[in-house]
Amino acid sequence: MTEAQSETGGRVTISRRGADRLRAGHVWVYRSDVIEAKDVPPGAMVLVQELSDKNVRPTRARPPRVLGSALYSSASEIAVRMISPKPVDDLAQLVRERIRAAIAHRERFVQDTNAYRVIFSEGDFLPGLIVDRYNDLLSVQVLTQAMDSEALRNIFVSELRELLQPDSIAERVDPRVRRLEQLPEKQSGLIFGTNTSTEFQMNGIHFLYDAIEGQKTGAFLDQRENYAAAAHYARGEALDVFCYQGGFALHLSRNGSKVTGVDSSRPALEIAEKNAGLNGREVEWIEANAFDLLRDYSDAGRQYDCIVLDPPAFAKSKQNLPTALRGYKELNLRALKMLRPGGILVTCSCSYHVSANDLLDAVSAAAVDSHRILRVLENRGQAKDHPTVLSIPETVYLKCLIAVVS
Ligand code: SAH
């Protein structure tokens, strides 16, 4: 890299603590570890350097240690997201290569679906970019200043169009993220093409998708492999609690089996019913608060052969972890009381702040209180199109425990 090129994006000097974090394999530097980011424009690519000694200014004889290239945010608490441990000359080229590699990863590891996450931000070394594919429609989420730049948008849109040839590309905007990144307000809408809705399939089950309606990215692709696992073990009467548009419920419903889905969102249940129709399945959908319904049903002595618990993230931050854990325990306690001997519990948590062990502890405490014994069949996580990087704990968030009850 020439001096001129590095000047255009600028340099960010970080503390020893920040540098140690990078050396341990993480890719984020928090603002509190940034010592200097003079004249760095929002969203620029920067060279990241560490001062060898915080009391000594760099000199020709004692140059700062360069740790690689990163994308800079002038607003986020995560000021720096590394993109390479080496100085990058051509960002456009790097982004194109990473997109190609992300697609190759899916071709290798993702099966039985035409809907999957194509790009998972840090999990695919493209921090700030999420792309989901639903059959012929791509759904894009931009999470950082850098990815929102016109230059990078043009690159990822043209690369995705060339490689995946979608009919349409929609952008889903999270207003909260844009505020945090100090980006101008924007509406969700199409970037390319004319279709905002489509139909997709996973594990042979068909679903409707709408890129503009719906919550999160519209469907829970991260659960795809867990749906198949749950379907593998389940039999008989099933209850899918927090069913949303019927992901688990439809996988559990087979000819002759009775499945009930519960959710507090009527719009979600309306789509769930359409999804059931699409697959020629009959499922009973109940609009209710899951906590109330589980209490009423367990008090009334109802029994099931399989219960799925897939609540929304209860712990949005570390502070409400204790409350969240009480919530998980309560749900699991109610569910365990209603499972017949030999029944299957599928219990999930998508809170990053709730670790796999936290969930196991909550379920274990629920088992003790309900005098049931649980034997673990599978301890699962998110599907392989949501790659988890070992040195970046934030890329791991979904837990799914499948157990048999006696
Ligand atoms: N299992 C679903 C995803 C669940 S997302 C799937 O695989 O597609 C969490 C769901 O919980 C949302 O649909 C939301 O509407 C619902 N929800 C949130 N709080 C609830 C409550 N107190 N009672 C019932 N449903 C609730």
Could you tell me whether A211 is of a type in the set (A, V, I, L, M, F, W, C), buried (at least 16 other Cβ atoms within 10 Å of the Cβ) and within 12 Å of the ligand (Cβ to nearest atom)? no
Out of D385, D361, D369, which single residue is open to solvent by less than 60 Å² (accessible area, probe 1.4 Å) and of a type outside the set (S, T, Y)? D385
Listed residues K337, K318, K329; which is exposed (fewer than 14 other Cβ atoms within 10 Å of the Cβ), of a type in the set (K, R) and over 19 Å from A230 (Cα atoms)? K318
Log entry, pairs with first residue in the range 236-250 being hydroxyl-bearing (S, T, Y), second being outside any loop (DSSP other than H, G, I, E, B) and near the ligand (Cβ under 6 Å from one of its atoms), beta carbons closer than 7 Å, six or more apart or on different chains, reads Y244/D263; Y244/A268
Selection from the range 154-185 of residues within 22 Å of A104 (Cα to Cα), surrounded by fewer than 18 Cβ atoms within 10 Å (Cβ to Cβ) and not small (G, A, S) yields N154, V157, R161, E162, L163, L164, Q165, D167
Within the range 298-320, residues modelled with pLDDT of 95 or more and away from the ligand (no atom under 13 Å from the Cβ) come out as S298, D299, A300, G301, R302, Q303, Y304, D305, C306
From the list S32, S84, pick out the single residue that is at pLDDT 95 or above, open to solvent by less than 80 Å² (accessible area, probe 1.4 Å), within 25 Å of V177 (Cα to Cα) and not aromatic (F, W, Y). S84
Looking only at residues that are surrounded by fewer than 24 Cβ atoms within 10 Å (Cβ to Cβ) and either under 14 Å from I402 (Cβ atoms) or among the charged types (D, E, K, R) (or both) in the range 228-247, which one is farthest from the ligand (Cβ to nearest atom)? R235
Which one of these does F220 not meet: (1) modelled with pLDDT of 95 or more; (2) aromatic (F, W, Y); (3) open to solvent by 20 Å² or more (accessible area, probe 1.4 Å)? (1)
Quick one: is E378 at pLDDT below 95 and either surrounded by fewer than 16 Cβ atoms within 10 Å (Cβ to Cβ) or more than 14 Å from the chain's Cα centre (by Cα) (or both)? no
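Which of the residues spanning the range 196-206 are among the small types (G, A, S) and either part of a helix (DSSP H, G or I) or out of contact with any strand residue (DSSP E or B) (no Cβ under 9 Å at 6 or more places or on another chain) (or both)? Explain how you work it out, then say what you get.
Applying the first criterion (among the small types (G, A, S)) to the range 196-206 yields 197, 204.
The answer is G204, and nothing else.
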Looking at S188, S197, S139, which one is touching a residue at least 12 places away in the same chain (Cβ under 8 Å), away from the ligand (no atom under 16 Å from the Cβ), open to solvent by less than 50 Å² (accessible area, probe 1.4 Å) and among the hydroxyl-bearing types (S, T, Y)? S188
Counting only residues that are open to solvent by less than 10 Å² (accessible area, probe 1.4 Å) and closer than 16 Å to P312 by Cβ, which one in the range 248-271 is farthest from the ligand (Cβ to nearest atom)? G261
When you go through V346, V354, V376, V368 one by one, which is the residue that is assigned to a strand (DSSP E or B), among the hydrophobic types (A, V, I, L, M, F, W, C) and without any contact (Cβ under 8 Å) to a residue 60 or more places away in the chain? V376
Of all residues in the range 275-286, count the ones that are of a type outside the set (A, V, I, L, M) and either surrounded by 14 or more Cβ atoms within 10 Å (Cβ to Cβ) or touching a Gly at 6+ places or on another chain (Cβ under 8 Å) (or both). 5
So for the range 196-207 (the condition being farther than 30 Å from L377 by Cα and of a type in the set (A, V, I, L, M, F, W, C)), does at least one residue qualify? no
Can you tell me which residue within the range 280-297, out of those that are within 28 Å of F207 (Cα to Cα) and acidic (D, E), is farthest from the ligand (Cβ to nearest atom)? E282
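The values are calculated or read from the model by the stated rules, or taken from the named source; none is laboratory data. Being a predicted model, the structure only gives us computed values, none of them experimental. Here Cβ is always computed from backbone atoms with ideal geometry, including for glycine, and neighbour counts include all displayed protein chains. Note: areas computed on protein heavy atoms with side chains; ligands, DNA, RNA excluded. Shrake-Rupley method; radii C 1.70, N 1.55, O 1.52, S 1.80 Å.
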